[in-house]
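To start, the structure itself, in structure tokens.
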Amino acid sequence: MSPLYVFCADLITRKRGEKTAYNHQSVLLNPKCSLSCKPPRCLLQLQEEQTGSWKETFKEFVDVKANGPSSVGADLRLHGFNHVFGLPEHADSLQLRETRGEEPYRLYNLDVFAYDLHSRLGLYGSVPLVLAHKADRTLGVFWLNASETYVHLEYSSTDLQEAPPVKRRRTPPHTNVHWLSESGVIDCTVLLGPGPRQIFKQYAELTGYQALPPLFALGYHQSRWNYQDEADVKAVDAGFDLHQIPYDVIWLDIEHTNMKKYFTWDHKLFPDPVGLQRHLETRGRKMVVISDPHIKVDPLWSLYKDAKNGGHFIKDREGQVYQGSCWPGESSYLDFSSPQTRAWYSRCFSLKKYKGSTTSLFVWNDMNEPSVFDGPEQTMPKDAVHHGGWEHRDLHNLYGFYQHMATVEGLITRSGGAERPFVLSRSFFAGSQRFGAVWTGDNVATWEYLKISIPMVLSLSLAGVAFCGADVGGFVQDPEPELLVRWYQAAALQPFFRGHSAKETKRREPWLFGEEVTAVIRSVTQERYRLLPFWYTLFHHAHTCGLPPVRPLWVEFPTEESTFTVDDCYMIGGALLACPVTEPGIQEVQVSLPGPEEVWYDIHSKKVYGGGGTLRLPVILESVPVFQRGGSVVCRSVGSGTCTADFQLLPLDITVALDSQGEAEGELYVDDGHSFCYRDRKAFSLRRFTMQAGCLLCRAASREGSFHCETVVQSVTILGVKKQPSSVTVYIPGEDDSPASFEYVESHNVLTVNNLKLFVTVDWEIHIC
């Protein structure tokens, strides 16, 4: 009988300062030996004298391993699968590449400026989730471990292998996944699906659902390191109105503070921060400021003194407060793993404590991998000590997660639990979706970075972190006008939409590149705002069902193997197929429309195409290919405004795209857009639009929820109507039937019903005869 290999993670005392009884390692057990013995008599312990067991050096840094070797690992074979996804964050293709004979994927949160492309090295966040997909099954493997982790992948497609003496046997496809973490325990969950939607819900049940953002957070954000002063902020704000480009949030980076001390203001540059925020608030807009986890060592600063006296800083291995270098210079780092520290930090956001803040001020957590300029790999030493004696090596990938958590709690508490927060975090872990948004970090203004942003966003979305995006135009270097336009077009079709740039770059407000560029960016941004009802509904589904707003094609077309490796086109919900342009100067793009039985409508030209083929489409600067799927319903705002508050007041147009059977359905979610009343008082309405046999019905999609708003449907556009109707009639319960005016364009089979005033939260029907 062959020996049995197991991992004895449960035998290890993991807290620093306590005597370690056994080394944390894979051990060999005699099959006759019972695991109930303490310790197993056949345990093969590593000796303390072994090289590298208790101390390791990296350049000039020494890592003292108080508990000795502590790694855990597991090997899994995913039978029948040869398409694997997940493991964000990496600047790489959507489908994970084989690592046989090469570097494995690394999950270790690091501050990586202008990161390499097509790299398996760790970036700002880590989600140890692998998704495997084939035509009839999707499954997931979640490895819950926050220490440094390596994942090795080996694909094996159908092949022939030798079987002695002469026979040959055929082995089915499979993928080997090898997990190795530096410390911790084995906590591995297999999600069985069977389909993508079930996987998303199962994973959300484990780690949490995407937070429902306030509506303004889905608008456009304008950021720069750094807007110079109050006059600069007001000038930029006015510039958006002058050029008729809607936006919702303006951001301030570290230069707004007094000597890089967070929760402070430089009163020479920002003498009246409350007045500045009120100025924006009267225009329906918000402000976001940065708050990093490092605290400037300044014995005269009250916040530093409070943190030190309260024991809120991480300590070094000698028990002294750990100090490292970051933006303020010598800094100490808050220990967010401590509930007491998180509670203290949350209180710092109260209006009483955070002088110069208002309820329209929101937060950006940056540098929270954590970034330590003079640390190993520009982060914290692994032998630093957290609350309860835990070493940093055990918690590293959770550091930003905990700061994100504490910041969100602070903003919720600030409002008395009434208002939804908005917090962006650079570092993240599994479950960070419960707190807000993330972005892909310090990218570069090149076409290659624009292109890689799409699979990066899709990978994050598959791993539950659905509110994500990339800095428009690239954080460093200066984009050429064509690149900037294409980046706005791509980012407007992603969940988080923010322009951001480094202080060394040229100013990049959208109106600084000539009227042609300004006009395109204006059009792109206005279209994003018109689609907000659709985006908000998608985030409701992410919040309640775990469905990401943007999805790889294979999620919607799980049986079509041709979609499994596509990562330059993707679905927005189940209705829109987006194909951003990511190459310069091209005159034509190829678009493969999935689904041989599907019908697709170009949203710009209204032309109809059958699925299952490849189109060659001319490219113009003004737009990118987007198609609405037959069988879907999409709601858009009609008109224009300056921010989301304006667009909430606008009427809607409903676009009904008929499938080959002449049917369609879709939903619209509405609430007040900012509070927790949707959750606490069920103050929301979910409406379903269903088109069958020439009748469009608006009905409640949920028994829960009651919410009345003044939003009305002004028009209905129906794509794929084969013949001109003789009449269109509106039925509203309790009212007389009324004829409706309509237009029919025979060349495109488009019917438009005009001059309606149908409340979205009331039942009604439109009959087409």
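What whole-number distance in Å separates the alpha-carbon centres of the range 460-475 and the range 94-112?
18 Å
FRET efficiency for Gln320 and His243, Cβ-Cβ distance as r, R0 = 60 Å, nearest 0.05?
In this case the efficiency is close to 0.65.
Can you give me the orientation-averaged projected area of the convex hull built on the Cα atoms of the chain, in nm²?
Mean projected area for the chain: 37.4 nm², to one decimal.
Sticking with the crude label model, points 7 Å out along Cα→Cβ, report the distance from Thr729 to Glu103 in nm, one decimal please.
Result for the modelled spin labels: 7.0 nm.
Return the FRET efficiency for the residue pair Met259, Lys506: r is the Cβ-Cβ distance, R0 is 35 Å, and the value is rounded to the nearest 0.05.
E(calc), rounded to 0.05, equals 0.85.
Considering only the chain, what is the antiparallel percent among its DSSP beta bridges, to the nearest 5?
80 percent
Output the pairs from Lys234/Lys296; Lys296/Lys355; Lys308/Lys353; Lys260/Lys308; Lys296/Lys353; Lys606/Lys723 with a Cα-Cα distance over 21 Å in this structure; if there are none, say none.
Lys234/Lys296, as the Cα separations exceed 21 Å there.
Sticking with the crude label model, points 7 Å out along Cα→Cβ, report the distance from Arg283 to Gln692 in nm, one decimal please.
Calculated label separation equals 5.0 nm.
Using Cα-Cα distances under 8 Å and only pairs 6 or more residues apart, what relative contact order does the chain have, in percent?
11 percent
Based on DSSP H runs of at least 4 residues, each adding -39500 (n - 2.57), what is the mean residue ellipticity at 222 nm of the chain after dividing by all its residues, to the nearest 500 deg cm²/dmol?
After summing the helix terms and dividing by residue count, I get -5500 deg cm²/dmol.
Apply the Karplus parameterisation 6.51 cos²θ - 1.76 cosθ + 1.60, with θ equal to phi minus 60°, to every residue of the range 556-566 and state each ³J(HN,Hα) to the nearest whole Hz, in sequence, with x for glycine and proline.
The phi angles translate into 8, 10, x, 9, 9, 5, 5, 8, 5, 9, 6 Hz.
Remind me, relative contact order of the range 693-769 in percent, using alpha carbon pairs under 8 angstrom and six or more residues apart?
Relative contact order comes out at 46 percent.
So, with +1 on the Cβ of K and R and -1 on the Cβ of D and E, and no other charges, what is the size of the charge dipole of the chain about its Cα centre, to the nearest 20 debye?
The dipole of the chain has a size of about 1840 debye.
We did not get these values from a lab; they are worked out from the coordinates using the rules stated. Only a predicted model underlies this, so the values are computations on that prediction, with no experimental measurement involved. FYI the Cβ positions are ideal-geometry reconstructions off the backbone, even for glycines, and counts take in every protein chain you see.
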